[in-house]
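Beneath this line is the structure, given in structure tokens, with notes to follow.
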Amino acid sequence: MLYASAFLSFYKCWSNDGLLRHNIVANNMNNKMKDSCVRRRMSWLGHLERVEEDRMPKKIFTQELEESRRKGRPRKRWKEEVERDLQVQG
């Protein structure tokens, strides 16, 4: 997301429909970046499913935290993002 915003801050279109083009480019870049993140999460999830139970990444993935979260806006956890991705994909 940072790369897209940095690119778009320097991107200028000098034609009459510059704002429309700017919005189209921004939406396309955001969609591509989101798709890339989802693909990488799904790839890592597949790896975690195949790895042996005694490996550290598998242990971290399967363990449940007993602590409560901090005050304020809850941070997104990787596991929650993967669950949301799976629901969206069907």
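The values are calculated or read from the model by the stated rules, or taken from the named source; none is laboratory data. The structure displayed is predicted, hence computed values, not measured ones. Cβ coordinates were reconstructed from backbone atoms using ideal geometry, including for glycine residues, and neighbour counts include every protein chain displayed.
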* Please determine, by comparing only the residues of the range 35-74 that are in a helix (DSSP H, G or I) and of a type in the set (Val, Ile, Thr), which one is modelled with the highest pLDDT. => Val38
* Given the conditions (1) at pLDDT below 85; (2) within 17 Å of the chain's Cα centre (by Cα); (3) part of a helix (DSSP H, G or I); (4) charged (D, E, K, R), report the number of the one that Arg21 does not fulfil. => (2)
* Structure fact -> The residue that is modelled with the lowest pLDDT, considering only those in the range 1-16 that are surrounded by 10 or more Cβ atoms within 10 Å (Cβ to Cβ) and over 12 Å from the mean Cα position of the chain (by Cα), is Cys13
* To do: Mind counting the residues in the range 75-86 that are part of a helix (DSSP H, G or I) and without any contact (Cβ under 8 Å) to a residue 24 or more places away in the chain?
  => 5
